[in-house]
Amino acid sequence: MSTFTVARDDFRNARRSYIVLGVIGVFTALTALIFVAEIDIYDDPYRVLFDVLFFVSFVFPLLLAPLAYLSIAGDRTSGAIKYAMGLPNSRAEYFAGKFLSRFGVGAAAIVLAVAVGFVISLAFFVSTPDVVRFATFAGITLLYTFTFVSMFVAVSASTDSRSRAMFGTLGLYFVLIVFWFGFLPLLNIGTLLDTVESLLGVTVSEDTRNYVGLLSPGTAYLQTCKAVYGGVLGQYESFAQFETGDELYAQTWFTALVILAWGVGSLAVGYLRFQRSELG
Amino acid sequence: MTALQIDGLTKRFGDVVAVRDLNLAVEAGEVFGFLGPNGAGKSTTISVLLGFLHPSEGTATVLGHDATRESRAVRSRVGLLPEGYDVYPNLTGREHVASAIETKGADDDPDAVIERVGLAPDDARRPAGDYSTGMRQRLMLGVALTGSPDLLILDEPSSGLDPQGIKRLRSIVREEAERGATVFFSSHILGEVEKVCDRVGIMNAGELVAVDTIDDLREEMGAGGVVEASVESPPDLDLDPIRTVDGVRDVEHGGGVVRVTCADPRAKMPALRRIDDATTVTDVAVEDASLESLFEEYTNGTAPNPEEPTSGETATQQGGDA
């Protein structure tokens, strides 16, 4: 019961500060824009989803960061936590309430954006959108949202400083997205493995590289979205980016598990740190 | 029954000792004043009682539950007005109170609580982020009162309150005590707790330097009052007859004024008669006894009558070298 109260109060407080409206509005608008922009380019709405999923993997965590990084650290800095924890809430209930409220906002943004994309597809695209593909996409993206909100709330629970919460959150984004995807030519997971090779004088096999490459929730999300394209993987050239072999790392369930593990793991670490911490 | 039992509590932050070997027992139904200057360790102690901070050494038991391990059970029966709190800026005052009632599983009427603490109904429906300090203080007092707690922990409850608010706070504390609640009232101003507390404990530099009833503290310092008589006297006025009056603690003479400090309030009139016998009294002023000076002496580390330790059972007097 008190988890619900904490979550409701947190959601109300956030909603009235317009951050909720901001996250949901911006994400839905940008997703809609991608759909509208591609009406005349592709016949198949699922091809648009492919561009949306790249957008989600790079940009959505940047919208979730401001939403979640102060969820608990903010209460600890301001002292509002003394109101919440002066009441008979256990630390677990408080933590869960905060997480659920922020995850709820992220999830609402995904559901609304996918729904809007579906409606645009239905109205303007040559091929009829496939409900199952859209639903699969929404499901995998909700898992991705769960994991990033979990990581950011965990960072927030681990510190009583706003700046540390911000650095922690941006640090995670940099390592798991920018670094792992290889946005920077000299600073990415590939060059790191090259360095390991030359320093230790060993050869890192292609297989190992592929495994390591898919261990970030970002890259794993991309690969997991292969599940959206059952039966149509040959339709577009871009779909060749999905790993299709028999190896474990090419399996959708495996990469989905990778995403889930990041989320569950960080929730566990964040909760334990919060549970043991002292509240000013 | 003991509402609050603190045994050998020490709290360190790195090298800083915020609270040192604190022993204190507060009985159920008691109104206890927890006094001390800023930084004496009062809020740290309170944070340990609520499970916010973990003791470095020692234990605290609140309403029969261990403060650290059974914090939730403690907080379900405690009403808290903390120090250094904040409200949720976009929630209304009423929402704060309603959530507190919900979390405690109580059935209070939020509007009745808000009225009781003197928050205007219109204000109660505005975002609490817009509140003045006094309004926030009233709101948090209301939050503390929800669910008829067995123990009220009020940390500097009057800070930011106007005189009317302080008066209301006092009568609420009395009402709660009449209901049977224990009240643990922390303050750096003695005058504030003097009027409502049965006993007080004085903290200084992390240590409890005195625990006693207000009356005993008063007696100990000889706080029976002060008589000041303006006299048309020769400078060589003989003060000995006045000094020998039973209950007189000190007599000074200078600048045409005889100042008599009494240990017993009943000594004032006989002392005045002796002055009148010796010379002509042109004016008389009587100062009400105040504990301020005693409080100052304790918290400056110069407690009076060191050979006569305070009669409180758990007082420790180790000086203020922390």
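When Rg is the radius of gyration of the Cα atoms in the range B:78-167 and Rh is its Kirkwood radius, what does Rg/Rh come to? Walk me through the intermediate numbers first.
Details: Rg = 11.8 Å, Rh = 12.8 Å.
Result: Rg/Rh = 0.92.
Between A:VAL119 and A:THR244, what is the FRET efficiency for a Förster distance of 45 Å, r being their Cβ-Cβ separation, to the nearest 0.05? Let's see the in-between values first.
Details: r = 31 Å, r/R0 = 0.70.
Between A:VAL119 and A:THR244 the formula returns 0.90.
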Completion exercise
GNM on chain B, Cα springs under 10 Å; top mean-square fluctuation among B:ALA25, B:ALA285, B:ALA144 goes to B:ALA285
Exercise for the section: Only Cα pairs under 8 Å and at least 6 apart count here; give the relative contact order of the range B:134-181 as a rounded whole percent. Expected result: 45
Exercise for the section: For n ≥ 4 DSSP H runs only, could you compute -39500 (n - 2.57) per run for the protein assembly as shown, divide by its residues and tell me the 222 nm figure to the nearest 500? Expected result: -15500 deg cm²/dmol
Exercise for the section: Would you order B:TYR85, B:TYR298 from fewest to most other beta-carbon atoms within 10 Å of each residue's own beta-carbon? Expected result: B:TYR85, B:TYR298
Fill in the blank from the handout: Within the set A:GLY97, A:GLY86, A:GLY265, GNM on chain A using Cα springs under 10 Å gives the largest fluctuation to A:GLY86
Practice task
Return A:TRP253, A:TRP180 ranked ascending by Cβ neighbour count within 10 Å, so the fewest neighbours appear first.
Solution key: A:TRP253, A:TRP180
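Once the Cα gyration tensor of the range A:123-200 is found, what semi-axes does its equivalent ellipsoid get, as square roots of 5 times the eigenvalues, in whole Å, sorted largest first? Intermediate values should be presented prior to the final figure.
Values: eigenvalues 212, 110, 24 Å².
One finds semi-axes of 33, 23, 11 Å for the range A:123-200.
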Completion exercise
With 0.36 nm assigned to each residue of separation and the Cα-Cα distance removed, B:HIS54 to B:VAL286 gains 78.6 nm
Practice task
Calculate the length of the line joining the C-alpha centroid of the range A:114-168 to that of the range A:1-79, in whole Å.
Solution key: 7
Handout entry: Rounded if a/c under 1.5, otherwise prolate or oblate - the range A:2-276, Cα gyration tensor axes
Key = oblate
Handout entry: Per-q log10 I(q)/I(0), the protein assembly as shown, q = 0.05, 0.06, 0.09 Å⁻¹ (Debye; single scatterer per alpha-carbon; no solvent)
Key = -0.36, -0.48, -0.82
Handout entry: Contact order relative to length of chain B, as percent, for alpha carbon pairs under 8 angstrom and 6 or more apart
Key = 19
Exercise for the section: Stick to Cα atoms and the Kirkwood definition of Rh, then tell me Rg/Rh for chain B. Expected result: 1.07
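Below 8 Å between Cα atoms, with a sequence gap of 6+, how large is the relative contact order for the range A:2-276 in percent? Intermediate results must be reported in sequence, preceding the final value.
Values: 340 pairs, mean separation 68.0, N = 275.
About 25 percent, as a whole number.
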Completion exercise
Computed over the range B:4-138, the distribution of all Cα-Cα distances in 10 Å bins, rounded to whole %, is 11, 34, 31, 21, 3
Practice task
Please identify, among B:GLY134, B:GLY256, B:GLY41, the residue showing maximal mean-square fluctuation in a Gaussian network model of chain B using a 10 angstrom Cα cutoff.
Solution key: B:GLY256
Exercise for the section: At 27 Å minimum axial length over the Cα atoms and a Kyte-Doolittle cut of 1.0, report the qualifying DSSP H helices in chain A, or say none. Expected result: A:45-68, A:91-124, A:131-157
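So for A:PHE134, A:PHE95, fewest C-beta neighbours within 10 Å to most, what's the order? It would help to have the intermediate numbers written out before the result.
Numbers: A:PHE134 19, A:PHE95 24.
So the residues, fewest neighbours to most, are A:PHE134, A:PHE95.
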Practice task
Place a label point 7 angstrom from the Cα of A:LEU193 along the Cα-to-Cβ direction, then list the residues of the range A:211-247 whose backbone nitrogen is under 20 Å away.
Solution key: A:211-226, A:240-247
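For the range B:126-284, compute the orientation-averaged projected area of the C-alpha convex hull (one quarter of its surface), in nm².
Working: hull surface 55.0 nm².
One quarter of the hull surface, i.e. the mean projection, equals 13.7 nm².
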Problem - Rounded, prolate or oblate (a/c below 1.5 giving rounded, otherwise prolate when a/b exceeds b/c) for the range B:224-287 by Cα gyration tensor - result: prolate
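None of the figures in this text is laboratory data; all of them are computed from the coordinates on show. Everything numeric here is computed off the predicted structure, so don't read it as measured data. A quick note on method: Cβ atoms are made from the backbone with ideal geometry, for glycine too, and the neighbour counts reach across all protein chains shown.
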